[in-house]
Each structure stands twice: as structure tokens, then as C-alpha cells.
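**Student:** Dropping a structure here in C-alpha cells format, bear with me for questions.
The values are calculated or read from the model by the stated rules, or taken from the named source; none is laboratory data. Just so it is clear, the model here is predicted, and its values are computed rather than measured. Here Cβ is always computed from backbone atoms with ideal geometry, including for glycine, and neighbour counts include all displayed protein chains. Areas reflect the complete protein model, heavy atoms only, side chains present, ligands, DNA and RNA absent. Shrake-Rupley method; radii C 1.70, N 1.55, O 1.52, S 1.80 Å.
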Amino acid sequence: MEQYEPDRLSPAQVAAMRRSFRNGRAALTRRSLLRASAGGALVAGGLGALTGCGIPAAGKTAGGVSADDHSAKEKTVSFSNWTEYMDVDESEKHHPTLDAFTERTGIKVKYTEDINDNVEFFGKIKPQLAAGQDTGRDIIVLTDWLAGRLIRLGWVQKLDPSNLPHAFANLSQQFRSPDWDPGRAYSYPWQGISTVIAYNKKALDGVEVKSVSDMLDNPKLKGRVGFLSEMRDSIGMTLLDMGKDPAKFTDDDYDAAVARLQKAVDKGQIRRFSGNDYTADLTSGDFAACIAWAGDVVQLKADSPDIDFIIPDSGYITSSDNMLIPNRARHKTNAERLMDYYYEPGPAAELAAYINYVCPVDGVKPYLAKIDESAADNPLIIPDAAMAAKSHAFRLLSQKEETAYEEKFAKLTGA
């Protein structure tokens, strides 16, 4: 159980959120590279409110609280997701996989793209969750670190395996047992997010990059290396390069990774720490190599023959966005049926073909090949066994660790 329970977020955590709203994960697109953040009004005004409510420290819980399930009488399900994270037709008014689910089951889906950032969305639903009230949502999608906190707070419901046969059978091994939800009792991944090394062949001009060490130590790359302003990605990749496990590292390990990066900053090896705007630097050649998100790389490779990626022998960081059912949701069974539907290979393939993130569903490749053969052969979308074996997750942090680590990372990046 965690002992540290502050009432509000630390200045370093607020700064980290600002980076995310401006150009980090919150600015990632699910299809284009231009996913909107919560916007200037939220950054200017909303963060002040968030510092007051904060994200509670995870505590011991016996599990979520159910409500009377109205699924049998009310053929509906309310699904809140991130923007541009669902397949659409050419008119961009309909979601083919959701329409097919409704046609098959008779369950209408109220689909809302009202998640722009984990913390901002949490601020919307926290009052109801804390008061034991229905949020009006049957499925929410949160990134792993926040999903883990809600599980440990007891604010989401335990899933019924009998309603999730495809999910249980087809979930990829690399996503099966995160430390924040062992055995996936409360969540199933919507999509995976991989962190890799991307490079511009023309800018490298024959210089070999196979590891984070190459990026940090080769003088021929001085001033042409980029790292991400997201702490878990940059520190996680550095820890792996140092032979440390991001799922088990200590405070000393973290400090050593920060020192490793600080040395590269001091000698001018690292050009800058950036959010999603690294894509412009990589394309222009200002970055010869950088830490990058695989969803971006898929799009960049399609547009430029000079862009490519490598998976270091030391491994890479994978996180996930996850479906959960909040406490007091009215349509739990309907929600579980929809979650399970996206673990059937057919619907999973249609979704993967559109959004190009890591598909967490085994058996999708032949279905995806019928839609888009290049996507099916892309290890950034369908990891092969060798790539999946190199996947590592960044462990769930306590509130005390989160505060201390973000402060150290903010000092490193100059944020």
C-alpha cells in the first residue's frame, strides 16, 4: 500500500501535463499526426483546477462497485474514447465496425470522442467516481499508468470472463499481465504504443545507429539527436540500454539514467527533448536519429523513403491504452460484449488498418492482409515473435516516485 497521498499535483507534474497537452502524448494523432490537445483554454485555465483535484495516490482496494445491470432491457452502451481512435467511412460520419456490432447484436453504441488527455478526462469523471455515482459511461479508455491507479482505487469494475471469450483467447502475450492489472481482471488493451529509434537515412549519411548508446556517444551525431519530453519513454529506453529492467528499476537506476542523459545534454549531443513535433525535425534531417512513437513512424515511412526505424537489441518500451468499465456503469454486460467484439480478428483487423497502432489481438495478420498487405507485414502494427519478445513496460509508479522522478526529468529537459 502506498503511504504518500498528497492533496494536489506537484509543480513538476503540472509541468509534465503542460508538455503533454502542448506536444506530447496528448498531441499525438491516431490517424494523422495532428491530434488536437485539450486546447489553449484548458492549458491556461484547466490546469489550475486540476492541480486542486489532482490524481489520488493508489491505495488498497477490494475491487470496483457494480450497479444493477440494465443491459438486457436497455440495448445500448456508452463508449468514451480518444479522438481519431476509431475506424471511419469515407464520409467520416460512420464507424463501420461499430455499425456492424449494432447490426449483429441490436446494441446501439453511443460513441463519444471526449478524451483529449488522461488527466483532463480524469478531472471530468473524478467527482462521480469519488461519490460512488454513475459517470454516464460504460467503457472508458485510459493509458496504462492511470488505468492502474483507477483499478487500485477501486473505481472500475472487475470483468466477467464469461462475456469475454475472444479477449481471453486472443490477447497477445506481451499485453497479458501488466503489473498494474495482473491477468487482466479489470482491463483489456484497446491499442499498444511502442517507443522505438527512428532515423533519417540521408541525414545519417552512413553513420550506423543501432542503440541508444550510438545516439548518445557517437560524435558524428552531435547536435542531431532527439529524445522525447515524455519521461517514461526517454528514461525507459535509456534504462534498457543500460541493462536495467524498466519494470523493476530502483531510485539509483533512475538517477543513473538521468545522469547518462545529462552528460549528453552537457556536451551538446542531444539537440532537444520534444513532443510530437519531433516528426518535423526527423523529416527535415535536423534529427538524424531520435526516440519516436511507432504510430508516427508508420505514417512517416509511408510519406518519405528516408525515414526508417530500428529496435535496439536491448529492447523497447511499450505502453497501452486500455478499456475499463467504471463503477456504477448501467450496461456492464453490453460493455463487455463490445470489448470482446474488438478481440475478434475481423473487427480488430479493420480497426488496425485504419489507426496503425500496435494491435493487441493475436490472429489478426491474415485478416489485415486482405485489407492492407503492407500493414499486415509491418512489425510496428503486428509485432512478430522476435519483436514482441523485446517489449518492456515501464512499471507503475507510486505518487511519491512520480513526483520525484518528474522533478528530476524536468530539470534535465529544462522544462
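**Student:** Run the dipole for segment 256-410 about the Cα centre, Lys and Arg Cβ at +1, Asp and Glu Cβ at -1, nothing else charged, and hand back the magnitude in debye, nearest 20.
**Tutor:** The dipole magnitude comes to about 640 debye.
**Student:** If you don't mind, there's one more thing I want to ask. Taking the solvent-accessible surface of protein heavy atoms with a 1.4 Å probe, what is the per residue accessible area of segment 283-388 in Å²?
**Tutor:** I get 32 Å² per residue for segment 283-388.
**Student:** Using r as the Cβ-Cβ distance of His70 and Asp277, and R0 as 56 Å, what FRET efficiency do you calculate, to the nearest 0.05?
**Tutor:** E between His70 and Asp277, to the nearest 0.05, is 0.80.
**Student:** Further question on the same structure: Taking all protein chains as present, what is the carbon and sulfur share of the accessible area of segment 195-252, in % to the nearest whole number, probe 1.4 Å?
**Tutor:** 44
**Student:** Mind jotting down the three principal axis lengths of segment 305-395 based on Cα atoms? Whole angstrom, largest first.
**Tutor:** Principal extents (largest minus smallest coordinate, Cα): 49, 36, 23 Å.
**Student:** Order of 201-210, 107-116, 374-383 by packing, highest average Cβ count within 10 Å first?
**Tutor:** By packing density, highest mean first, the sequence is 374-383, 107-116, 201-210.
**Student:** For the pair Thr112 and Asp255, how long in nm is the line joining their label points, each one 7 Å along Cα→Cβ?
**Tutor:** 4.6
**Student:** Excluding Phe168 itself, calculate the net charge of residues whose Cβ lies under 15 Å from the Cβ of Phe168, where each Lys or Arg counts +1 and each Asp or Glu counts -1.
**Tutor:** Numbers: positive: Lys158, Arg176, Arg184, Arg337; negative: Asp160, Asp181, Glu336, Asp340, Glu344, Asp362.
Overall, the nearby charge balance is -2.
**Student:** Could you please report the charge total around Ile381, scoring K, R as +1 and D, E as -1 over all other residues with beta-carbon less than 10 angstrom from its beta-carbon? Could the numbers behind the result be given before it?
**Tutor:** On the way: positive: Lys365; negative: Asp372, Asp377.
Neighbourhood net charge equals -1.
**Student:** A follow-up question, please. Once Lys and Arg get +1 and Asp and Glu get -1 on their Cβ, which of Ser177, Leu159, Ile197 lies farthest toward the positive end of the dipole of segment 146-209?
**Tutor:** Leu159
**Student:** With only alpha-carbon pairs counted, each pair once and no self-pairs, how large is the Kirkwood hydrodynamic radius of segment 142-232 in angstroms?
**Tutor:** 16.6
**Student:** Follow-up question, since we're still on this one. Points 7 angstrom from Cα along the Cβ direction at Asp384 and Ile371: gap in nanometres?
**Tutor:** 2.3
**Student:** OK, next. Percent of Cα-Cα pairs per 5 Å bin, from 0 to the last occupied bin, for segment 100-171, please list those.
**Tutor:** Once binned at 5 Å, the Cα pair distances of segment 100-171 give 3, 12, 19, 23, 20, 15, 8, 1.
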